[in-house]
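Colleague: Starting off with a structure, shown below.
The values are calculated or read from the model by the stated rules, or taken from the named source; none is laboratory data. None of these values were measured; they are calculated from a predicted model. Neighbour counts are summed over all protein chains in view; Cβ atoms, including those assigned to glycine, are modelled from backbone coordinates with ideal geometry. Accessible surface areas use protein heavy atoms only, side chains included; no ligands, DNA or RNA. Shrake-Rupley method; radii C 1.70, N 1.55, O 1.52, S 1.80 Å.
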Amino acid sequence: MLINGVLADSLPASDRGLAYGDGLYRTLEVLAGQPQRWRWQWQRLAADCAALRLPCPDEALLLAEIATVCAGLPRAVAKVVLTRGSGQRGYAIPATVQPTRIVSAAAWAGYPPERAAQGITVRWCSTRLGLQPLLAGIKHLNRLENVLARSEWDDPAIAEGLMLDSDGTVVEGTMSNLFWVRDGQLYTPPLDRCGVSGAMRACVIDTARQLGVVVSEQRLQPAELLAADEAFVCNSLAGIWPLRQLDGHSWRVWPLTARLQQALAG
């Protein structure tokens, strides 16, 4: 683990990331030393930094640090955490910000391959996402809603839980973004009120449009998802997982989902 470029494993207790969750993070796959889908990861990190008024690290420096922590790992999971650093007591942003940059890596543990090939069982979560447009889309460090939602089940047969917002519309999975297909068109919920705009979400949208698929953002009611022709969740580590079963409803074929999986694998 590197903290501000130095091998270390501890932070000052005064760091605002610990005190207030004042920061953001990205998680990515690194294969043979190369960060996967880096263009989308960097775009999202830079956008989130701008939204939080957090100084963005130099891209070349960040890539070098990722390479350092992943050295010797053929396939790894890298994590980049940026906080606003230490400051005086209270919520006010310090006049001079000295951000904390944490770059770490772990050996790739992977997911069962059948999730991508055969689809997954998902469930509805009772924990709702609060509406806060100012933070919508940002992968900030305040993830307690997702933590509580993921704690709702321990059945290994259930791979993911879907979360609604406080208005009852479907937003995302606890660790993934959601897409669905209707009449050959691809849809995903807008993330203008809550939720995380993942790098893989952006990659899927760009890839689908390159394939000539129409992609739209649309608010979604639970019943409308059950009526979809196909649906899938995605994130940067899992890739694309088709939905096989939800709330008693089953999907058995995913033609557009399979096209996207193949395009991303290439």
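Colleague: Any residue in region 125-143 that is assigned to a strand (DSSP E or B) and under 13 Å from the mean Cα position of the chain (by Cα)?
Modeller: Yes, region 125-143 contains at least one residue that is assigned to a strand (DSSP E or B) and under 13 Å from the mean Cα position of the chain (by Cα).
Colleague: Pairs only if they're at least six apart or on different chains, beta carbon under 9 angstrom, first in region 68-81 and without any contact (Cβ under 8 Å) to a residue 40 or more places away in the chain and at negative phi, second outside any loop (DSSP other than H, G, I, E, B) and surrounded by 19 or more Cβ atoms within 10 Å (Cβ to Cβ); list them, first residue then second.
Modeller: Listed by first residue and then by second, the contacts come to Ala71/Ala105.
Colleague: If Arg101 meets every condition in (1) crowded, with 17+ Cβ neighbours inside 10 Å; (2) at pLDDT below 95 apart from one, which number is that one?
Modeller: (2)
Colleague: Considering only region 1-113, give the helices (runs of 4 or more DSSP H) lying wholly within it that have at least 2 residues that are under 16 Å from the mean Cα position of the chain (by Cα). Before you say what the answer is, go through the steps one by one.
Modeller: Working: elements: 16-20, 38-52, 59-70.
Result: 38-52.
Colleague: When you look at Thr68, is it β-branched (Val, Ile, Thr), open to solvent by 30 Å² or more (accessible area, probe 1.4 Å) and modelled with pLDDT of 95 or more, yes or no?
Modeller: yes
Colleague: Scan (1) in contact with a strand residue (DSSP E or B) (Cβ under 9 Å, 6 or more places away or on another chain); (2) closer than 20 Å to Trp251 by Cα; (3) not β-branched (Val, Ile, Thr) for the single condition Pro156 breaks and write down its number.
Modeller: Going through (1) in contact with a strand residue (DSSP E or B) (Cβ under 9 Å, 6 or more places away or on another chain); (2) closer than 20 Å to Trp251 by Cα; (3) not β-branched (Val, Ile, Thr) one by one, Pro156 breaks only (1).
Colleague: Which of the residues belonging to region 123-138 are touching a strand residue (DSSP E or B) at 6+ places or on another chain (Cβ under 9 Å), touching a residue at least 60 places away in the same chain (Cβ under 8 Å) and open to solvent by 40 Å² or more (accessible area, probe 1.4 Å)?
Modeller: Once the filter is applied, which keeps residues that are touching a strand residue (DSSP E or B) at 6+ places or on another chain (Cβ under 9 Å), touching a residue at least 60 places away in the same chain (Cβ under 8 Å) and open to solvent by 40 Å² or more (accessible area, probe 1.4 Å), region 123-138 yields Arg123, Trp124, Leu131.
Colleague: Would you check which residues across region 105-122 are crowded, with 19+ Cβ neighbours inside 10 Å and of a type outside the set (A, V, I, L, M) and list them? Reasoning before the result, please.
Modeller: Taking region 105-122 as the starting set, the residues that turn out to be crowded, with 19+ Cβ neighbours inside 10 Å are 105, 115-116, 119-120, 122.
Scanning region 105-122 gives Arg115, Gly119.
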